[in-house]
Each structure stands twice: as C-alpha cells, then as structure tokens.
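S.K.: Dropping the structure in here first, questions after.
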Amino acid sequence: LAILVRVPAEMLIEASAALPFATTALKAPEVGLMMTDARIHATGQPFHLGEVSLTRCVLQDDSGLLGYGHILGRQKQQAVAIARFDIALQRLDQYQAAEAYLADWQDTITEVDAMESERVQQTAVEFFTMVRGEA
C-alpha cells in the first residue's frame, strides 16, 4: 500500500478501473483532518506539528473482502482506487494482476527516487572544520 500512495493519481485510477470485480462502498470516500505529531531526532519529545487533510474509504467486494483506502489530501477517487487494489491483493483470482502493477510502479518509483537523490547530491555542500595545531 505504500507504493499505491506514490503512484500518479491518473495511472492508479485507470488501473483500478480495469480490475474486473464490483465493489460497494461501506464507507464512502470522506475528507477529514488528522493530527500530525513530530519529534526532533529519534529521542526528542513528541510535539503536535499540525493538521493534514486525509481522505479515506472502505469498500467491500461480492465475496465479503474489505479494502481500505487512505491518502493524504482530498483525492476521493484515489482513495477508492487504493481500496480497490487492497481488495485485489487479497483475492486469489486478482492477486497476480495487482502484483504486476505494483512491480512496475515500484521500478518507476525507485528510478525517480534515484534521480532525485542524484539531483540533491549535486548540490550537497561539504563542510569541514579546521583544527589548530595547539589547543
């Protein structure tokens, strides 16, 4: 599911529409707020950073499987698409098709991350400290 939230919305919605099963909405896509906590370093005290928009929904297929879709922001169609993929990953007849999409998208995400890392590395500044011979 971590891959699905990073896939471009158009690609995800189009691919989920191609999945050959029907779903009903147990909880229609709804937008709400979620409190975000943060901490400085791993050992710092947690503090409230602020609120972020979150869209969520719950779908059920004809066999009773539940799919959950959560995504930051206000993308209702994207939350539905994520929930449909969640169901597809649980279904024996759709698992391989869903895995094929995820493998392709994971490769694309890895390439984008590598390009971004390279771009950021080009602007990195090397800091050094001069040490005096005598203290």
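S.K.: Assuming Glu126 fulfils every condition listed in (1) in a helix (DSSP H, G or I); (2) exposed (fewer than 13 other Cβ atoms within 10 Å of the Cβ) apart from one, which condition is it?
M.R.: (1)
S.K.: Checking Arg132 against (1) over 29 Å from Ala9 (Cβ atoms); (2) charged (D, E, K, R); (3) at pLDDT 90 or above, which single condition isn't satisfied?
M.R.: So the condition that Arg132 fails would be (3).
S.K.: For residues that are open to solvent by 60 Å² or more (accessible area, probe 1.4 Å) and not in a helix (DSSP H, G or I), scanning just the range 1-23, find the one that is modelled with the lowest pLDDT. Write out each step before concluding.
M.R.: Here is the first cut: in the range 1-23, the ones open to solvent by 60 Å² or more (accessible area, probe 1.4 Å) are 1-2, 5-6, 8, 10-11, 14, 17-18, 20, 22.
Keeping just the survivors that are not in a helix (DSSP H, G or I) gives 1-2, 8, 18, 20, 22.
Numbers: Leu1: 82, Ala2: 87, Pro8: 90, Ala18: 92, Pro20: 91, Ala22: 94.
So, considering only residues that are open to solvent by 60 Å² or more (accessible area, probe 1.4 Å) and not in a helix (DSSP H, G or I), the one modelled with the lowest pLDDT is Leu1.
S.K.: Please go through the range 63-79 and give me each residue that is open to solvent by 40 Å² or more (accessible area, probe 1.4 Å) and hydrophobic (A, V, I, L, M, F, W, C), ordered by number.
M.R.: Leu65, Leu66, Leu72
S.K.: Leu26: exposed (fewer than 11 other Cβ atoms within 10 Å of the Cβ), out of contact with any helix residue (DSSP H, G or I) (no Cβ under 9 Å at 6 or more places or on another chain) and of a type in the set (A, V, I, L, M), yes or no?
M.R.: Numbers: exposed (fewer than 11 other Cβ atoms within 10 Å of the Cβ): no; out of contact with any helix residue (DSSP H, G or I) (no Cβ under 9 Å at 6 or more places or on another chain): yes; of a type in the set (A, V, I, L, M): yes.
Answer is no for this residue.
S.K.: Looking at Ile40, Ile71, Ile82, which is the one that is β-branched (Val, Ile, Thr) and over 16 Å from the mean Cα position of the chain (by Cα)?
M.R.: Ile40
S.K.: Hey, another quick one. Give the residue that is modelled with the lowest pLDDT, with candidates limited to residues of the range 43-62 that are farther than 29 Å from Ala83 by Cβ and open to solvent by 90 Å² or more (accessible area, probe 1.4 Å).
M.R.: For the range 43-62, the residue satisfying everything is Thr43.
S.K.: I'd like the residue in the range 88-105 that is surrounded by 12 or more Cβ atoms within 10 Å (Cβ to Cβ) and under 16 Å from the mean Cα position of the chain (by Cα) and, out of all such residues, is farthest from Val58 (Cα to Cα).
M.R.: Asp104
S.K.: Filter the range 33-55 down to the residues that are assigned to a strand (DSSP E or B) and either at positive phi or among the β-branched types (Val, Ile, Thr) (or both) and list them by number.
M.R.: Residues satisfying the conditions are Thr36, Gly50, Val52, Thr55.
S.K.: Condition check: touching a strand residue (DSSP E or B) at 6+ places or on another chain (Cβ under 6 Å), part of a strand (DSSP E or B) and in contact (Cβ under 8 Å) with a residue 60 or more places away in the chain. Does Ile82 satisfy that?
M.R.: Taking the combined requirement at face value, the residue does not satisfy it.
The values are calculated or read from the model by the stated rules, or taken from the named source; none is laboratory data. Treat the numbers as computed from the prediction; the structure is a model and nothing was measured. Positions of Cβ are generated from backbone atoms using ideal geometry, with glycine treated the same way; all protein chains shown enter the neighbour counts. Accessible surface is based on the protein model in full, side chains and every heavy atom, while ligands, DNA and RNA are left aside. Shrake-Rupley method; radii C 1.70, N 1.55, O 1.52, S 1.80 Å.
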